[in-house]
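Have a look at the structure below before the remarks.
The values are calculated or read from the model by the stated rules, or taken from the named source; none is laboratory data. Predicted model only: the values in this text are computed from it and were never measured. Reconstructed Cβ throughout: ideal geometry from the backbone, glycine too, with neighbour counts over all protein chains shown.
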Amino acid sequence: MFLACMDTLITNLALPSIQEELGASLAAQQWIVDGYTLPFATLLLLAGNLSDRFGAKRAFICGTAGFALSSAICALANSVEMLVLGRALMGVAAALILPSSMSLINEAYLTEGHRRRALAAWGIGGSAATAVGPLLGGLLVPIHWSLVFSVNIPICLAILLMSGKLATSPRVPQPVDLIGQILAIVALTCLVGGIIEGGAQGFTQTIPMALLIAGAVGLALFIFSQSRVASPLMPLSLFSSAGIRLALLGGFSMILSWNGCVFLSTLFLQQELSLSPLVCGLSFIPSAFSGAFGNLMSDRLAGARGSRFALMVGTALLTLGYGLIIVFAGLDVLDAPLIALAVCLAGMGGGINTPCLANLVLKCTDAQHSGIASAVFNAMRQVGGAIGIAVFGTLTSVMATMSLGIATSLGISILLMVLLFITNLRTREKSAA
């Protein structure tokens with residue numbers, strides 16, 4: 001969790017420097033970010049299957065080692081193409097890490113109360129990364145942007161050393177749905193690619209249109225295939241649970257909004273306000289502490305009033321944070337302190353919601369399928385992140401000003417938060433408690 005969250009923020013801070021040295025356009029910068037999130041999202045389902053099949057501990061160790069190797073490739077990149085390749089390999093490794101880490105928690109903590117507290121600590125890892133990432137990025141980017149990738153290597157080595165103490169995970173033999181995996185990769189890559197290239201070339205051009213059509217067809221075929229195969233990559237039966245549907249909607253909408261907000265805010269602070277990477281990074285640190293506080297409050301709120309109430313509080317804070325950015329952008333007064341205030345509120349809301357949603361997934365799934373259920377949840381989160389960057393970046397590129405693009409994009413975020421709030425209210429308490 002720490003690595004995945006830190007990598008997203010620290011890479012965003014490095015984008016202007018990468019643009020200057022490697023000549024990366026806005027579309028190329030979107031590919032540098034989504035080059036990581038696309039394989040991360042599309043391979044999470046397969047990774048969840050492999051986590052169940054070969055054991056969560058083994059999958060976690062392999063993913064961590066792969067993350068270190070791919071970070072080295074990114075650090076040595078001398079072209080946009082090589083950097084995107086390294087980011088893609090990093091996404092593959094991250095896909096192995098995330099569902100296996102949730103499965104390890106599920107194996108170690110059998111009671112709901114203990115598991116809920118463990119997931120809160122898991123979420124704090126992401127909040128800690130949000131604090132460490134800006135500081136490291138602000139210090140390392142002025143030296144050279146490649147250092148933001150090199151810093152992952154010693155962290156991975158430390159994790160590998162600690163992983164040896166983990167108990168051996170049970171294995172649940174599962175056949176691999178290769179056709180479903182291929183269709184998932186094609187569908188998401190084409191859809192996101194069509195959105196990014198549509199913003200760069202125009203949506204009436206041949207390549208964006210072809211990508212979007214191929215993505216839509218691939219998505220339809222993927223859903224059809226999952227209803228026909230004996231051992232689907234994404235069991236559609238998971239969606240029969242109201243609790244899991246709520247968790248998937250929450251994961252998708254929250255990361256779509258957050259990743260898009262961080263991506264645009266970083267570009268705005270450095271390109272529009274000409275702030276240094278360090279000052280830009282410092283603007284996001286309050287959200288790290290508020291997110292950690294939200295993680296701690298999540299367990300207290302859910303324990304005292306139920307997960308439904310905790311989700312209401314978290315979603316309201318997310319809506320307030322994004323709403324403030326829209327107001328500040330509309331008044332043309334958006335600056336670093338105001339962005340820091342807004343993302344602080346949004347970060348607290350996300351900190352409250354994430355452990356609740358993760359616990360809801362595990363609560364509504366039997367233990368032997370926790371790996372694939374965790375993978376579906378995290379896949380929806382990463383799909384949301386990839387789409388958020390693609391859509392928000394594209395919207396901003398066609399708007400008259402970046403402030404208008406940010407306001408329009410976060411207006412979409414607020415609509416998604418309202419949808420999440422209403423869905424939470426309509427979900428029966430026994431599914432969301």
Where in the stretch 262-359 are there helices (runs of 4 or more DSSP H), lying wholly inside it, with at least 1 residues that are without any contact (Cβ under 8 Å) to a residue 60 or more places away in the chain and closer than 30 Å to Arg245 by Cα? 285-305, 307-330
I'd like to know if the stretch 96-109 contains one or more residues that are at pLDDT below 80, more than 23 Å from Leu233 (Cβ to Cβ) and not in a helix (DSSP H, G or I). yes
Which numbered condition Ile372 misses (of (1) buried (at least 24 other Cβ atoms within 10 Å of the Cβ); (2) modelled with pLDDT of 90 or more): (2)
Given the condition among the basic types (Lys, Arg), in a helix (DSSP H, G or I) and either more than 20 Å from the chain's Cα centre (by Cα) or at pLDDT 85 or above (or both), answer yes or no: does some residue in the stretch 221-229 qualify? no
Has the stretch 69-91 got at least one residue that is among the aliphatic types (A, V, I, L, M), free of Cβ contacts under 8 Å to residues at least 12 places away in the same chain, surrounded by fewer than 23 Cβ atoms within 10 Å (Cβ to Cβ) and over 19 Å from Ile255 (Cα atoms)? yes
Right, Ala88: in contact with a Pro (Cβ under 8 Å, 6 or more places away or on another chain) and at pLDDT 90 or above or not? yes
Of the residues in the stretch 184-213 that are assigned to a helix (DSSP H, G or I) and over 24 Å from the mean Cα position of the chain (by Cα), the one that is surrounded by the fewest Cβ atoms within 10 Å (Cβ to Cβ) is Thr206
Out of all the residues in the stretch 49-62, is one or more of a type outside the set (Val, Ile, Thr), modelled with pLDDT of 90 or more and either assigned by TED's automatic domain parsing to the domain that holds Leu269 or surrounded by fewer than 19 Cβ atoms within 10 Å (Cβ to Cβ) (or both)? yes
Give me the pairs: first residue in the stretch 181-192 and more than 20 Å from Thr206 (Cβ to Cβ), second residue modelled with pLDDT of 90 or more and assigned to a helix (DSSP H, G or I), beta-carbon distance under 7 Å, and six or more apart or on different chains, which are they? Leu183/Gly218; Leu183/Leu221; Leu183/Phe222; Leu183/Ser225; Ala184/Phe222
Starting from the stretch 391-405, keep only residues that are assigned by TED's automatic domain parsing to the domain that holds Cys190, then list their pairs with residues that are of a type in the set (Asp, Glu) and at pLDDT below 85 whose Cβ atoms are within a distance under 7 Å, requiring at least 6 positions of separation or different chains. none
Might you check whether a residue that is more than 22 Å from the chain's Cα centre (by Cα), more than 23 Å from Val33 (Cα to Cα) and among the aliphatic types (A, V, I, L, M) occurs anywhere in the stretch 348-361? no
